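> Below is a structure I'd like to ask you about.
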Amino acid sequence: MSNAPSQSAAIGRLELVEYPHPALARKAKPLAQIDDAVRDAVAQMFDIMYEAQGVGLAANQVALPYRLFIVNVTGRRGVGEELVFLNPSLSRPRGTAVQEEGCLSLPGLRMDVRRPEQVVLDAWSLDGQPVHLDLNGFLARVVQHEFDHLEGRLFTDRLPEAAALEARRTLASMQEVFSGRQARGESPSHDQLVARLDALEAERCVV
Ligand code: NI
């Protein structure tokens, strides 16, 4: 981008954010450039994902408003393949599968989620190469879960009515904890969080 805002939106040190951080409900924007800060963010995201024993992590979950997610289906550093997908799109959903899911941004909540069994993923790798994968099984599930994050959607948005009611109770108590922290000044206000997301977006996205 040619006219970056004068107020720099440094990525800095990233942390996992939990519901209802506004980054999680926000539709992420395509990255217009891959710079050192983005590469550093990806490295931090792998650290955070392994630390939290996850198998996938979307940029929204570390309060970055970018269309980017990472996956390692083994969840273990040094085992399996580390995948990074930038500006992804999904197509050709086929079949149906139900499997229990959890989310690092919704700790303690695990529920059965119905999704297409197979899906085609098109994206870019971190070194700018096009990626085209026809996915099935667990990797297809993880990719769809992470892609949902980029759309501002959580797995709790895909539950049948009875399960959604149950999930809503957990979400309400998380909301209460989050608001309480803000009210005590222990975490930034909603407006401050959104202002940072706006600045990060203006710095690296096609607006
Ligand atoms: Ni998740």
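Since every read-out is calculated from the coordinates, none of them should be taken as a lab result. Fair warning: this is a prediction, and the values are worked out from it, not measured in the lab. Note that each Cβ is placed from the backbone with ideal geometry, even for glycine, and that neighbours are counted across all protein chains shown.
> Given the condition of a type outside the set (Ser, Thr, Tyr) and over 30 Å from residue 166 (Cβ atoms), answer yes or no: does some residue in the range 100-108 qualify?
no
> Taking interchain pairs and intrachain pairs at least six residues apart, which have beta carbon atoms under 9 angstrom, with the first residue in the range 140-167 and farther than 23 Å from residue 74 by Cα and without any contact (Cβ under 8 Å) to a residue 24 or more places away in the chain and the second hydrophobic (A, V, I, L, M, F, W, C) and surrounded by fewer than 18 Cβ atoms within 10 Å (Cβ to Cβ)?
153/25; 157/164
> Here's another thing I want to ask about it. Could you tell me which of the residues 181, 168 is closer than 17 Å to residue 63 by Cβ and charged (D, E, K, R)?
Residue meeting the stated conditions: 181.
> Filter the range 95-105 down to residues that are more than 10 Å from the ligand (Cβ to nearest atom) and assigned to a strand (DSSP E or B), then give me how many there are.
4
> Could you run through the range 112-123 and say how many residues are surrounded by fewer than 20 Cβ atoms within 10 Å (Cβ to Cβ) and either within 12 Å of the ligand (Cβ to nearest atom) or among the β-branched types (Val, Ile, Thr) (or both)?
Total satisfying the criteria: 1.
> Looking only at the range 74-106, which residues are farther than 15 Å from residue 119 by Cβ and among the β-branched types (Val, Ile, Thr)?
Passing the criteria: 74, 79, 84, 98.
> Hey, among 61, 53, which residue is surrounded by fewer than 17 Cβ atoms within 10 Å (Cβ to Cβ) and either touching a His at 6+ places or on another chain (Cβ under 6 Å) or not aliphatic (A, V, I, L, M) (or both)?
53
> Do we have residue 14 as within 16 Å of the ligand (Cβ to nearest atom) and not in a helix (DSSP H, G or I) here?
yes
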